[in-house]
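Below: one structure, written as structure tokens.
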Amino acid sequence: MEILFSSKLKKDGKTLQILLLCTECRGELEVMTTAANVRFRCRKHGELGSLSPAQFADGVRQAREKASQQYGLGKPVSMKIGPRDPTIQ
Ligand SMILES: [Zn+2]
């Protein structure tokens with residue numbers, strides 16, 4: 001299973017939005033979190049699979065590090081994980 005972690009920096013420069021997207025259609029995924037795992041579902045492609053909370057946290061951390069380099073963020077910013085925030089382009 002592959003999911004895409006997409007990150008955008010809000011205009012205030014302080015909030016990083018992380019979206020979880022389907023690698024096939026780039027649709028935003030529904031995320032269902034349970035104690036045991038994190039499951040992802042695409043509206044078009046159905047259930048994509050699941051990650052352990054640790055794997056998920058790792059993916060988020062990597063996306064955040066990548067975004068920090070991309071945007072040259074020197075200090076930690078707050079982070080929002082989906083759904084898409086309309087104030088972020
Ligand atoms: Zn899809």
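The values are calculated or read from the model by the stated rules, or taken from the named source; none is laboratory data. Fair warning: this is a prediction, and the values are worked out from it, not measured in the lab. Positions of Cβ are generated from backbone atoms using ideal geometry, with glycine treated the same way; all protein chains shown enter the neighbour counts. Accessible surface is based on the protein model in full, side chains and every heavy atom, while ligands, DNA and RNA are left aside. Shrake-Rupley method; radii C 1.70, N 1.55, O 1.52, S 1.80 Å.
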Between the Cα axis of helix 53-71 and the main Cα principal axis of the chain, the angle (0 to 90°, nearest 10) is 30 degrees
If you roll a 1.4 angstrom probe over the protein chains with everything in place, what fraction of the accessible area of the chain belongs to carbon and sulfur, to the nearest %? 49 percent
I'd like the FRET efficiency for Arg43 and Thr23, computed as 1/(1 + (r/R0)^6) with the beta carbon distance as r and R0 of 25 Å, rounded to 0.05. 0.95
Mean accessible area per residue over region 24-89 (1.4 angstrom probe, all protein chains present, square angstrom) is 70 Å²
Cleavage-rule hits, trypsin sites (Lys or Arg not before Pro), region 1-51, DSSP coil, Cβ neighbours within 10 Å at most 15: Lys11, Lys14, Arg26, Arg43, Lys44
Measuring from label point to label point, each 7 Å out along Cα→Cβ, what is the Asp85 to Ala35 span in nm? 3.1 nm
Could you tell me what fraction of 2.2 N^0.38 Å the Cα radius of gyration of the chain comes to, as a two-decimal ratio? 1.09
Isolated Cys in the chain, by beta carbon distance under 4.7 Å: Cys25
